[in-house]
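**Q** One structure, pasted below without further comment.
Please treat every number below as a calculation from the coordinates, not as lab data. Because the structure is predicted, anything quoted here is derived from the model rather than measured. Ideal geometry is used to build each Cβ from the backbone, glycine not excepted, and the neighbour counts take in all protein chains shown.
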Ligand SMILES: C[S@@+](CC[C@H](N)C(=O)[O-])C[C@H]1O[C@@H](n2cnc3c(N)ncnc32)[C@H](O)[C@@H]1O
């Protein structure tokens, strides 16, 4: 693996993704969606975005940077669409296909293997803060949407310098920078909100925790598990301290 911008992120989004699939298989399919939402983390945030994507049963939807496919699986179950998952980490892309039966391709957001206007809507959750080439990712999202196509975003934004220790490889934009980048890519921002990452139903959190515990039981002696824990812990600390803000936005192409 050498696609992401740090080894720590490859451990977190690649190796742990494969371990997550393994743990979901051990615990049962009911665990797949909560455990598979790595980054979006809250059903309320998914619902807020899905309500604003102008989806119909036949909508062609892209989940860009889909991880192990939890959000796409949720969207399929809740809205009756069949999202296409694109995700650079092979283990995660495979998990999205195997856990949710969704079409899934290993691809970077900056090089999407789809034609112009191939989708009616897209979302990209917790991804723009993991890549420095945000303009490249947004240009590709704009390209695969037709004029009027909707884009949902979850981005962890930082409006002032962050207190260390910082998660490795992340690149958190400010809201002002994000707005500039969206406008430059030809994506008109329609609505924004701040996500409440704690508003999932209690059984959702319990199942995600059970999968985390199963992954720990199997892999806690592996240095990559400790590295991924450290990464996730640093992001959680910045979020709980208010230095990072979970920003939701819906934009329209054109
Ligand atoms: C915080 S996780 C979010 C995963 C998923 N969207 C979710 O909400 O559960 C960030 C994801 O972005 C992916 N990623 C990192 N850099 C990327 C890039 N340049 N293009 C596409 N995806 C990328 C990672 O592999 C990881 O799966």
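**Q** Quick check on my filter: what residues within segment 207-224 are closer than 14 Å to residue 30 by Cβ and in contact (Cβ under 8 Å) with a residue 40 or more places away in the chain?
**A** Passing the criteria: 207, 208, 210, 211, 214.
**Q** Additional query: All but one of (1) out of contact with any strand residue (DSSP E or B) (no Cβ under 8 Å at 6 or more places or on another chain); (2) within 23 Å of residue 56 (Cβ to Cβ) hold for residue 110; state the number of the condition that does not hold.
**A** Only one criterion in (1) out of contact with any strand residue (DSSP E or B) (no Cβ under 8 Å at 6 or more places or on another chain); (2) within 23 Å of residue 56 (Cβ to Cβ) is unmet by residue 110, namely (2).
**Q** A follow-up question, please. Residue check: is residue 182 farther than 23 Å from residue 3 by Cβ and assigned to a strand (DSSP E or B)?
**A** no
**Q** Still on this structure: Are there any pairs, at least 6 apart or on different chains, whose C-beta atoms fall under 6 Å, with the first in segment 45-67 and touching a residue at least 12 places away in the same chain (Cβ under 8 Å) and the second away from the ligand (no atom under 15 Å from the Cβ) and assigned to a helix (DSSP H, G or I), and if so, which?
**A** Close Cβ pairs (under 6 Å, with a partner that is away from the ligand (no atom under 15 Å from the Cβ) and assigned to a helix (DSSP H, G or I)) amount to 50/79; 55/79.
**Q** Among the listed residues 239, 197, which satisfies the condition of being within 17 Å of the chain's Cα centre (by Cα), under 27 Å from residue 11 (Cβ atoms) and surrounded by fewer than 17 Cβ atoms within 10 Å (Cβ to Cβ)?
**A** 239
**Q** Provide a single number: the residues in segment 1-15 that are in a helix (DSSP H, G or I) and either more than 13 Å from residue 95 (Cα to Cα) or near the ligand (Cβ under 10 Å from one of its atoms) (or both).
**A** The qualifying residues number 8.
**Q** Another question, if that's okay. Of everything in segment 225-245, what is in contact with a helix residue (DSSP H, G or I) (Cβ under 7 Å, 6 or more places away or on another chain) and more than 26 Å from residue 30 (Cα to Cα)? Give them in sequence order.
**A** 227, 231, 244
**Q** A further question on this structure: Condition check: away from the ligand (no atom under 15 Å from the Cβ) and either within 25 Å of residue 243 (Cβ to Cβ) or surrounded by fewer than 24 Cβ atoms within 10 Å (Cβ to Cβ) (or both). Does residue 171 satisfy that?
**A** no
**Q** For segment 200-212, name all the residues that are under 18 Å from the mean Cα position of the chain (by Cα) and farther than 19 Å from residue 16 by Cα.
**A** 200, 204
**Q** Among (1) within 14 Å of the ligand (Cβ to nearest atom); (2) assigned to a loop (DSSP other than H, G, I, E, B); (3) in contact with a helix residue (DSSP H, G or I) (Cβ under 7 Å, 6 or more places away or on another chain), where does residue 211 come up short?
**A** (2)
**Q** Restricting to segment 79-100, what's the tally of residues that are under 16 Å from residue 31 (Cα atoms) and out of contact with any helix residue (DSSP H, G or I) (no Cβ under 7 Å at 6 or more places or on another chain)?
**A** Final tally of qualifying residues: 1.
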